[in-house]
1. In a shell of Cβ-Cβ distance under 13 Å around residue 347, excluding residue 347 itself, what net charge do Lys and Arg (+1) and Asp and Glu (-1) give?
2. Run through the DSSP bridge list for the chain and note the antiparallel percent, rounded to the nearest 5.
3. Report the net charge of residues surrounding residue 42, where surrounding means a beta-carbon distance below 15 angstrom and charges are Lys +1, Arg +1, Asp -1, Glu -1.
4. Just to compare against my own numbers: the Cα pair-distance distribution for the chain, 10 Å bins, whole % per bin, please.
5. When you count, for each residue, the other Cβ atoms within 10 Å and take the mean per peptide, how do 203-212, 170-179, 38-47 rank with the highest first?
6. Quick check on the chain: helices-only [θ] at 222 nm, where DSSP H runs of length 4 and up contribute -39,500 (n - 2.57) each and the sum goes over total residues. Nearest 500, please.
7. Please get the size of the charge dipole for the chain, origin at its Cα centre, with Cβ charges of +1 on Lys and Arg and -1 on Asp and Glu, quoted in debye to the nearest 20.
8. Need one number: % antiparallel among DSSP beta bridges in region 328-427, to the nearest 5.
Amino acid sequence: MAGMYGDLIDNPDFANGTTSWWAGDPAMVTIAPGPGGIDVTATTDAVNLWDAPFGQDNIVLRKGARYTLSFTVRASQAATQLRVQVGLGVDPWTPALDKTITLGMSDTSFVYSFVSDLDTAAGQVSFQMGQASPVTITFAQVRLTTSTVREGFYVDPDSNAAKWLAANPTDGRAAKIHNSIARRPGARWFGDWNTNIQTDVDAYVSAAAAAGQVPILAAYNMHWRDNGGESRGGAATPEAYKAWVDAFAAGLGDRPAIVIVEPDSLAQAEYLPTPEARATRYELSTYIAQALAAKPRVQAYLDAGNATWLRPVQMAAQLIKGGVAATRRIAIGVSNFDATDISCQYGQQVVAALAAAGVPGVRFVIDTARNGNGAMDDRGQHVNYCNPAGRRLGVPSSIGVGGAEYLLWIKYPGDSDGQCGIAPVDTPAGTFSPFLAERLIDGT
């Protein structure tokens, strides 16, 4: 059965041709891959808007859930009419969304949001066209997403913030931290602190699946993690890391999940001291990329540093060595503070560099957990990466903007970067601090 959350359209950018798309009477409409998307052509026999339908079946719609349909499209002739529907894909064909739009000859993006009155696994996204002369409509992408909390990203009930709240219910900061942080979905990090990684991943993903939501995980156990920095640790040997990856992947099973793969590991790769160490880093990154790519319902994003670290061409080269061809997804700005527009621009530049190097169609996400004030201080200087003052919460986990597939809280707010910056002395990396959390909420 199709998913109930996240992206509901299969192959939304048509990278795999016309997989999972249907067309009606071939005498009325033809559908074929085209430059940057698909071309749909209605013949002279298709006179009415309903004569030449095409789209995708088996969409899960839940009553009361809010959905967003977005698509980018152009026509071969001006003033082309297109009917857009999301609704029941069987008789009586009840629509949840029904719009008729006029297309021009330049790419135009359309976005429609609606609340479904339907509760069905037999939903359908359909486009209908037809007029007196032949016309071709070219789609660059079609996405149907849901942002309803019930069917959106999973909220970790045992995040460090949630644990602190359970232990400190009468603290004067508790309500603020609950409302601004703990009730928001973000990534749970998995590493060498997990005594049984397969069991722990399985339990977390199972809980999300039971809630009808998609979990966000960060895999963080790379051999020689953080190159010996504040978050040092990880697997003791390359062999131990591969065994850990196998167990992590087994824990995911066949459930949907978003996985952020080894923050900093590829951006740091060329700082390792020997050619052998660098080669091992790329080998291990490729190993986990391929292991997660073998999971068809997992969206795995290799970490791609941030906008002020490596130049896009250099980051692309290191991503390619680290196996990005397997996942075709990258994460920008993890644990960093760059504003969303800056991270989007960098993400687009890395994606372009990857395409130029022979790896096209890569998507990216941005860590927005702490980027609400950007990464510049009052003097116009870039802040230190480690618990800087004056930062603020960013947009909570949601569908992306500016080319990003998603905006995600990856570095969970309030978790320390290390014993540095404004952090209290008793907060090593990964430890929750109500002091840091409140500073992020207030932007101080």
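The values are calculated or read from the model by the stated rules, or taken from the named source; none is laboratory data. Bear in mind the structure is a predicted one, so any value in this text is a computation, not a measurement. Neighbour counts are summed over all protein chains in view; Cβ atoms, including those assigned to glycine, are modelled from backbone coordinates with ideal geometry. Surface areas here come from the heavy atoms of the whole protein model, side chains and all, with no ligands, DNA or RNA. Shrake-Rupley method; radii C 1.70, N 1.55, O 1.52, S 1.80 Å.
1. Cβ neighbours under 13 Å give a net charge of -3.
2. Here the antiparallel bridges make up roughly 70 percent for the chain.
3. Value of the local net charge: -2.
4. 4, 20, 29, 25, 14, 7, 2, 0
5. Output ranking for 203-212, 170-179, 38-47: 38-47, 203-212, 170-179.
6. That calculation yields -7000 deg cm²/dmol at 222 nm.
7. Its charge dipole is roughly 500 debye.
8. Antiparallel: roughly 25 percent of the beta bridges in region 328-427.
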